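Please treat every number below as a calculation from the coordinates, not as lab data. Remember, predicted model here, so these are calculated numbers, not experimental data. Virtual Cβ from ideal backbone geometry, glycine too; neighbours counted across all protein chains shown.
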Amino acid sequence: MTLEAYLRQPALRRVLDVAREQVERLDRVGGAVVLDDLGDDEATALAGLLGGLRRRARPRPGSAFRLELRDLEQALLASRFEVTLPEALERVGPPLDPRPQRRARERAERDALWEGARRHPLCTAEPRAAQWVEDLRVRGRPGAGLLQALELGVKLPARPPLERTRLAAETTGDPHALDDDRPLSRLLTGQLAFRAGEARPATASARRALWQRFGVLLDAASADVLVLGLRPLPGGPLASALRALAGWHVRVTLGQLAREPLRFAPGLDVSVCENVTVLTAAEERHGERCAPLVCVEGWPSSAAWTLFDALAASGASFRYHGDFDWDGLRIAALVRERTGARPWRFDVAAYSGAVERHGRRTRPLEGRAPAAFGRDPLHAALLASGRELHEEVVLEDLLDDLAP
């Protein structure tokens, strides 16, 4: 039997595995390993290997056995094979990789990686990108995917904008490489935040806005916003379609808005509602004569924010109405913060009057009250009343406001 055939018998596999781990850890033959609960074949094979040595104890099935590695090497040298333990391990496995040398090699590789990152064209062109790399290094974050993230960063901002899956497919070959749960996506998100001078986004909407700032669309076709009566200034196909369909409800996607930025006449006053019923009722009653109306359908999508930005850039002002409930107040506060929207029948007087007139159509407030938005009196009024009232209840008042 050859040395290789002898050492590759299954009964010696565990012995050699723990011996390799110990030799690589110490970078020498020394110390001891403990083999717990020896099997019958393991005990027999180990006893046969060590049989030429005088020992106090013999390997026994079902028991733990303490094996001195020097004894194992002496047994191999005394056998007809006459090999050292390191030689035997390398005859039946890969070359030994001692931990000290491995750590030195890994340090050298990390140093080379960080140096290569610091010299990358993106870091030499953008100081904030260089700061991001240094921040990763100081925090000890590994460089797995670092150079790939820098290569992607060179391509951003993308002009014209493109979808994230397309960017991933074109640069990595995997259309899902930049999905939110992938390491490369998290790495690139951190880079973009550093380059934008912002904190790392904590919410999905903030993450979408950050990527969109760099010309990458996360949900180009699925994110949309519902509009009625919007007439942009003449431009491309999207502007032409909106002008032609001004009396009809239209869903505009984020991809369309990114591909064709819209311009509007200055001084436009845009009404914003929370629920679709308001917009469809306005379409039925006023048609093409309806005042400009945008429906956010709950929490505004990235398409809604993009449209608001385009309107604001043209000098538009906004007024907002939503449900008189806790989520309605949260959405109103967000829209007010982002657009400067003024209340549209969405204050204490409107709420109190609606509750008085439509008491039977109110419901007990559900959910946890948000923290008070500064000294928002509407928050206090809902808290005192304990009743919620949905937008559809006051629909007629809103429709009157939307008349030409």
Tilt of helix 69-78 relative to the longest C-alpha principal axis of the chain, in degrees (0 to 90, nearest 10)?
-> 50
Of 346-352, 362-368, ordering from highest average Cβ density within 10 Å down gives 346-352, 362-368
Helix 99-118: angle to the longest alpha-carbon principal axis of the chain, degrees 0 to 90, nearest 10?
-> 30
Using alpha-carbon pairs under 8 Å, 6+ residues apart, how would you state the relative contact order of the chain in percent?
-> 10
Sorted from fewest to most neighbouring beta carbons within 10 Å, what does the list 167, 192, 53 look like?
-> 53, 167, 192
Cα-based shape type of the chain, given that a ≥ b ≥ c are square roots of the gyration tensor eigenvalues and the cut on a/c is 1.5 = prolate
Least to most buried among 290, 273 (fewest other Cβ within 10 Å first) = 290, 273
Just grab the label-to-label distance for residue 135 and residue 200, each label 7 Å out from Cα along the Cβ direction, in nm (one decimal).
-> 0.9
Prolate/oblate/rounded label for segment 3-97 (Cα gyration tensor, a/c 1.5) | rounded
Between residue 369 and residue 92, 0.36 nm times their residue separation minus their Cα-Cα distance comes to what?
-> 92.9 nm
By average Cβ neighbour count within 10 Å, what is the ranking of 170-183, 78-91, 313-326 from highest down?
-> 313-326, 78-91, 170-183
Over segment 224-401, calculate the relative contact order: mean separation of alpha carbon pairs under 8 Å at least 6 apart, over the residue count, as a percent.
-> 22
To the nearest 20 debye, what charge dipole does the chain have about its Cα centre, counting +1 at the Cβ of each Lys and Arg and -1 at the Cβ of each Asp and Glu?
-> 1280
Using only the Cα atoms of segment 271-404, build the gyration tensor, take square roots of its eigenvalues as a ≥ b ≥ c, and label the shape rounded, prolate or oblate: rounded if a/c is under 1.5, else prolate if a/b is larger than b/c, else oblate.
-> oblate
Please name which of 256, 205, 233 has its Cα lying farthest along the dipole of the chain towards the positive end, using unit charges on Cβ (Lys, Arg +1; Asp, Glu -1) and the Cα centre as origin.
-> 205
Output the peptides 337-344, 215-222 sorted from most to least packed, where packing is the average of other Cβ atoms within 10 Å over each peptide's residues.
-> 215-222, 337-344
For the chain, the longest principal axis of the Cα atoms and the Cα long axis of helix 13-26 enclose an angle in degrees, to the nearest 10, of 80
Counting Lys +1, Arg +1, Asp -1, Glu -1, what net charge surrounds residue 164 among other residues with beta carbon under 10 Å of its beta carbon?
-> -2
